[in-house]
């Protein structure tokens, strides 16, 4: 399927259709695309230049393509990644998207990059271009490209985790084509949603609902992914501080010794285990997250927030599913920086000694 979209001339998307019978055409609000007379106000200050102000798409709902019903479907992500040219029929206007131009009826010459704050879409488009033009750089540039590619992949996985998959068994299969192309850039092996060479980084995912200590995620009933993979969670996940951002640089604290079998899509089973060597701490105190946030900014300008930690404890706990508290878990230290340690919350299984399931993530 990936090859079909990658080699097509044009993809036409019924972006706002409820289902496959919805079609392209519907009544639209035309106020955003009608020309409006504008009398510019000339500043009285000497030698001043005319200033043009652009509205924010999140406020005006025009300009850079808005999220649509089509974006909520998991299988569509690969189609969007591989299509070289896409014409979207949305509920508001027509949108054009290719490698060199993103345009709309309201901005036929191209939508200004500074017009929108939707950085998720920018990350998506950057990954799309990198997958399409397999990088031929070498040496230091090649390594920097891998770091950037890995960071973009983490962002897109976060986007994908918010989408709906009609068959839970298709959760990883729907990413197989994109992963195959990304593997050529990363020169890495895709393992149950994570990358082998960056396994210690990719283990640091967490559920995204940061405003509650009771997560909205659950375990899929049909697709039995192992607990260390984000594919084991039905709901939105994030990597928090992804590798490549300017906020924190982490160093590995575990050694990956091996892993089980690869993904078997027919039986809906993935690798049975990963074998690691590291330090397991007993319990770490982790108070609930406060509402206050500390603002940070990454290398491409995205405003981020992180929880304001309780100064008495300096830790926070994010369970993967409801019903697990920080007192229930032990902690495998996965990564550390000069001021932070990231730990997987784990609980022993009943099958055999030294075997654990992941139950959450803790930063301290």
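State yes or no: is residue 327 farther than 30 Å from residue 173 by Cβ and either at pLDDT below 50 or assigned to a strand (DSSP E or B) (or both)? Criteria not met by residue 327.
Regarding residue 176, is this residue surrounded by fewer than 21 Cβ atoms within 10 Å (Cβ to Cβ) and touching a strand residue (DSSP E or B) at 6+ places or on another chain (Cβ under 7 Å)? No, not satisfied.
Of everything in the range 143-169, what is part of a helix (DSSP H, G or I), surrounded by 14 or more Cβ atoms within 10 Å (Cβ to Cβ) and at pLDDT below 85? Give them in sequence order. Of everything in the range 143-169, those that are part of a helix (DSSP H, G or I), surrounded by 14 or more Cβ atoms within 10 Å (Cβ to Cβ) and at pLDDT below 85 turn out to be 145, 168, 169.
In summary, residue 202 fulfils each of the numbered conditions (1) modelled with pLDDT under 85; (2) in contact with a strand residue (DSSP E or B) (Cβ under 9 Å, 6 or more places away or on another chain); (3) assigned by TED's automatic domain parsing to the domain that holds residue 331 with the single exception of condition (1).
The values are calculated or read from the model by the stated rules, or taken from the named source; none is laboratory data. Values in this document were obtained by computation on a predicted structure and should not be read as measured data. Virtual Cβ from ideal backbone geometry, glycine too; neighbours counted across all protein chains shown.
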